[in-house]
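Below is one structure, written out as structure tokens; comments come after it.
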Amino acid sequence: MRDDFLHRLLRALEEGRPVVTATLLPEGSQALILPLEPDAGEGAPGWDPVEGGSLLDEARKALLEDRSASITSEVGTVFLRPYNPPVRLVVVGAVHITAPLAQMAGAAGIEVHVVDPRTAFATAERFPGVHVLDRWPAEALEELQPDHRTAVVTLTHDAKLDDPALRAALASPAFYVGALGSTRTHAKRVKRLREDGVSEEDIGRIRAPVGVDIGARTPAEIAVAILAELVAHLRRAEAS
């Protein structure tokens, strides 16, 4: 790996940009591809990694599926290796379910962010080792910028908090959007979102009631159900 290529790769990783390395076989020349950005290719000596389109499409697929692949393209056989940012979970609401959910998600290697403007609840003491934002959800999500590796879950039952978070999440590429509440509560939520102009397609992305139906009752059991559905959604999407 050439020094200049390595430096460009490390810079992209430090900036949190999803990137794919493309290695032309057998000669070994390399390029960076940024499939989710307008300027997709970083360039390489002697060949354009995005010329013709098929390599860019395959790089995007490798990134979204989070798996390496060898493909035949216009330039020859190319080995693609994706470098994704970590999976993130944004939990809106520092409530009784949040603590076990944050703990379990962290144990699964997921980066957790807890959002709640109520400073009495959103404290570092209640959520050790977790990034806590004591701000309104729309502002917090504007800062966090959910991407294709981000899940957003709302847990407050408070429309002033949940609805803005859901609107922001649905306007993003977040791979999973869930909302706590009964079927009746969700029907009222859907009515409000429609009145706010959210499309039926986006509303259909909301997993509600959130979590796998395992008959969960306690906060920890509900957290298990949420995390199970989130992981299934991530991994099954990668496998599809």
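Every number in this text was worked out from the coordinates using simple rules, so none of it is lab data. Computed from a predicted model, the values in this text were never measured in an experiment. Backbone-built Cβ (ideal geometry, glycine too); neighbour counts: all protein chains shown.
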Please find the FRET efficiency linking residue 235 to residue 3, where r is the Cβ-Cβ separation and R0 is fixed at 41 Å, and quote it to the nearest 0.05.
0.70
If I take R0 = 41 Å and measure r between the Cβ atoms of residue 29 and residue 111 in this structure, what FRET efficiency does the formula 1/(1 + (r/R0)^6) give, to the nearest 0.05?
0.75
Suppose a student asked you for the relative contact order of the chain, using Cα pairs under 8 Å spaced at least 6 residues apart; what percent would you report?
14
Highest GNM mean-square fluctuation, the chain, Cα pairs closer than 10 Å: which of 17, 217, 149?
217
Need the list of aspartates and glutamates near residue 191 for cross-linking: C-alpha distance under 16 angstrom, and skip anything on the same chain fewer than eight residues off.
158, 162, 163, 200, 201, 202
Stretch in the chain that is longest and holds no GluC sites (Glu not before Pro) that DSSP places in a loop and that have at most 12 other beta carbons within 10 Å:
126-240
Arranged by the count of other C-beta atoms within 10 angstrom, fewest first, what order do 154, 123 take?
123, 154
For residue 157 and residue 218, calculate 0.36 nm times their separation in residues minus their Cα-Cα distance, and state this gained length in nm to one decimal.
20.3 nm
Between 0 and 90 degrees, rounded to the nearest ten: what's the tilt of helix 159-170 against the longest Cα principal axis of the chain?
20
Say we join alpha carbon atoms closer than 10 Å with springs in a Gaussian network model of the chain; which of 106, 181, 28 then has the biggest fluctuation?
28
How big is the C-alpha Rg of region 101-237 next to the rule-of-thumb value 2.2 N^0.38 Å, as a ratio?
1.00
To the nearest 10 degrees, how steep is helix 183-195 against the longest Cα principal axis of the chain, on a 0 to 90 scale?
60
